[in-house]
Amino acid sequence: MGAAITIMALLFVAFMVLGVYATVKVAKAAKRGVDRTIDQARRTVEDTTLRAKSLGQTGASAELAQLRLALRTSMRATQEALHAGVAEDASLKESLDLFHRLSGHARELDDDLRRLEREPDRGHVVARLPELRRRTQQVTHSADALRFAARDRARRFADDELTSLSAQIDMEAGALRHWTDADTQSPVAQPAAERPQAAAPAAAPAEPRTGEQAGTAGQPQAITGADPRVTSYPWEKTARPETTA
């Protein structure tokens, strides 16, 4: 009795621990989902604000917004392309590591651009613009190079696979049509024994035999050739025997 109670207590504790673990996992997954939703909404708002500034303002403020928007768009597109490709092509892992290093420089540049948006000294902002423009072009050029290379690699693999698949399909189609070789052979090139016999003309109605002909009916007849109505092709129908009147 005591052993049964102990087993029941252990099972109860195990179920409690399992329930707590499952609850924690679900809570963490829900928190990650909420964080991703908030981050995506914040990025959307920031992109919309930058796009509005680049179109609605002029001068240094508009150029700062354009630089930030170009930087964020290029980095986000490259990140999505590399993360989507590395799942199918493990060789892109090194490219993804390089992108992570490039992301550090991109975040630093985006912070500098954001600080200059709040800078009250417009002269200082104008003086810093050439350097910031050069850095933005350098980062976006590197990000675009990684993204284009990953897409070209994926497209090349898809083209090679399609070419190989087409060749295999052509071979299979040729194997399925093997009977066409026999059908297209010229009758002159076939041996005489294998040539199909011409269909014999229809036999004439039998005539009544005279007495002389009836007397020789029991004698051996001359040797005749094979029945020309017999054909060597198994798919042709056998000629129907003629009936006598």
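The values are calculated or read from the model by the stated rules, or taken from the named source; none is laboratory data. For clarity, every value in this text was computed on a predicted model and none was experimentally measured. In this analysis, Cβ positions are derived from the backbone assuming ideal geometry, glycine residues included, and neighbour counts consider all displayed protein chains. Ligands, DNA and RNA are excluded from the accessible area calculation, which covers all protein heavy atoms including side chains. Shrake-Rupley method; radii C 1.70, N 1.55, O 1.52, S 1.80 Å.
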| Each residue of region 3-11 in turn: what ³J(HN,Hα) in whole Hz from Karplus with 6.51, -1.76, 1.60 and θ = phi - 60°, glycine and Pro shown as x? | 5, 5, 5, 5, 5, 5, 5, 5, 5
| query | What value does region 75-161 have for Rg/Rh, both radii from Cα atoms and Rh as Kirkwood defines it? | reply | 1.15
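Please state the relative contact order of region 51-176 as a whole percent: Cα pairs under 8 Å, 6+ residues apart? Write down the numbers at each step before the final one.
Working: 76 pairs, mean separation 40.2, N = 126.
Computed over region 51-176, the figure is 32 percent.
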| query | What FRET efficiency, computed as 1/(1 + (r/R0)^6) with R0 = 25 Å and r the Cβ-Cβ distance, is obtained for Lys93 and Arg155, rounded to the nearest 0.05? | reply | 0.80
| task | With a 1.4 Å probe and every protein chain left in place, tell me how much accessible area Thr136 has, in Å² to the nearest 10. | result | 0 Å²
| query | Could you list log10 I(q)/I(0) for region 1-111 at q = 0.10, 0.13 Å⁻¹, which the Debye formula gives when each Cα is one point scatterer? | reply | -0.55, -0.74
| query | Just how much of Ser91 is accessible, in Å², when a 1.4 Å probe is used and the result is rounded to the nearest 10? | reply | 60 Å²
| said: Under a crude label model (7 Å from the Cα following the beta-carbon direction), how far is Val86 from Met16 in nanometres? | reply: 4.2 nm
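Rounded to a whole number, what % of the accessible area of region 1-113 do carbon and sulfur atoms account for, probe 1.4 Å? Display every interim value, and only then the final one.
Values: 5040 of 7710 Å².
Taking all protein chains in place, region 1-113 shows 65 percent carbon and sulfur surface.
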